[in-house]
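Contents: one structure, followed by commentary.
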């Protein structure tokens, strides 16, 4: 049996825009929270609804894919993903 190596847990910042929603209601925000987006902040601006995440994970890919799964579970469709520029800076 092969063991997958995991990197350290890091906090990743990214934003997921949902499609077909101009503004989240209180019920939408509660549903997102209940479906695992407790590390995200639902918001809207200029008729676009999005969730800003600060998600801990072993990789950016895992952080984003789990957030997509949570948003989809809450009944929303992902339109766009934006990753904070500092996630790509290395020393």
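The table that follows gives values for the structure above.
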read-out: Fully extended contour minus Cα-Cα distance, from residue 44 to residue 73, at 0.36 nm per residue; value: 8.5 nm
read-out: Average Cα contact separation per residue, region 10-84, under 8 Å, 6 or more apart, as relative contact order %; value: 48
read-out: 32, 60 arranged by Cβ crowding within 10 Å, fewest neighbours leading; value: 60, 32
read-out: Gain in span if fully extended, residue 81 to residue 33, counting 0.36 nm per residue against the direct Cα distance; value: 15.4 nm
read-out: Hydrodynamic radius (Kirkwood) for the chain, which is based on Cα pairs only, to one decimal in Å; value: 13.8
read-out: Contour excess over end-to-end distance, with Cα ends at residue 25 and residue 58 and 0.36 nm allotted per residue; value: 8.7 nm
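Computed from the coordinates by the stated procedures, all read-outs in this text should not be read as laboratory data. Just so you know, these numbers come straight off a predicted model, no measurement behind them. Every residue, glycine as well, gets a Cβ built from its backbone with ideal geometry; the counts of neighbours run over all protein chains shown.
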